[in-house]
Amino acid sequence: GYSNVGTISLIKLVLNNNDLPSYQKDLSLLLKKLVKTDSLKHNSLLQKMNQSSARKLIALLDDFEPTEDKVCEYNNVKGRSFLCLFDYDNAISCFLKWKEAIEAIPEEATDKDSLDKKKRWPYVMFLISDCYLKTKKYDEARKYLDISLGYDHDEKLLSYEAKCELEYLTENYDECIKACEALIEKDDRDYIAYSFMSKACYELDYIKESMV
């Protein structure tokens, strides 16, 4: 894989419009360098971009038409760039395309690239859910979140956190507390769990419990 420093340097290179012709000729090379990690947290490189950089990267990606084997990587990078701009509608569009590309991989495909892409499917469900959550489309958010929670994946804690937030925002305070307790069982230092548990307890007039 590519080192963290190397990938950050390449992002700066691309976004500063240096040596673009070579990357414009090869989307595969650009995506291979940019996609270091798929997680929104845990030291995600794209999360470090400011809005100006995100706009530049989106404009650059707009010049590419991804080949079939790069649709996942393309929509991964582009969708998460839209997240940096809080543009959830365009982000959802990218993540749905990413989802469809994964689902189009034949079941019998067992090569490493195919298996790596299939592994991301529950995480993509979370990303779609989170975008719907941010745009207050709670029924859609719940549908995709339930799918994400039904699978083991590397970013499942993010799904547990989203569950706490969703139940709180939809005023299901008892369910919010249960979701927070489930999250604390997974990570007893998770700030999101304690935050939403406190808020839910307050709404239910559990004054003592809300002072966590």
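So here's what we get for this one:
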{"quantity": "Relative contact order of region 55-129, pairs being alpha-carbon contacts under 8 Å that are 6 or more residues apart, as %", "calculated": "27"}
{"quantity": "Heavy-atom SASA rank of ILE128, ILE177 (probe 1.4 Å, accessible area, largest first)", "calculated": "ILE177, ILE128"}
{"quantity": "Area accessible to solvent at ASP111, 1.4 Å probe radius, in Å²", "calculated": "70"}
{"quantity": "Heavy atoms of LYS186 accessible to a 1.4 Å probe, total area in Å² rounded to 10", "calculated": "130"}
{"quantity": "Relative contact order [Cα under 8 Å, 6+ residues apart], region 149-198, whole percent", "calculated": "34"}
{"quantity": "Aspartates and glutamates whose Cα lies under 17 Å from that of LYS136, excluding same-chain neighbours fewer than 8 positions away", "calculated": "ASP87, ASP89, ASP146, GLU161, GLU165, GLU167, GLU171"}
{"quantity": "Listed residue pairs exceeding 18 Å between alpha carbons, taken from LYS70/LYS97; LYS117/LYS186; LYS137/LYS163; LYS99/LYS119; LYS70/LYS143; LYS70/LYS117", "calculated": "LYS117/LYS186; LYS70/LYS143"}
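The values are calculated or read from the model by the stated rules, or taken from the named source; none is laboratory data. The model shown is predicted, which means the values in this text are computed figures rather than measured ones. Protein only, heavy atoms only, side chains kept; ligands, DNA and RNA dropped before computing areas. Shrake-Rupley method; radii C 1.70, N 1.55, O 1.52, S 1.80 Å.
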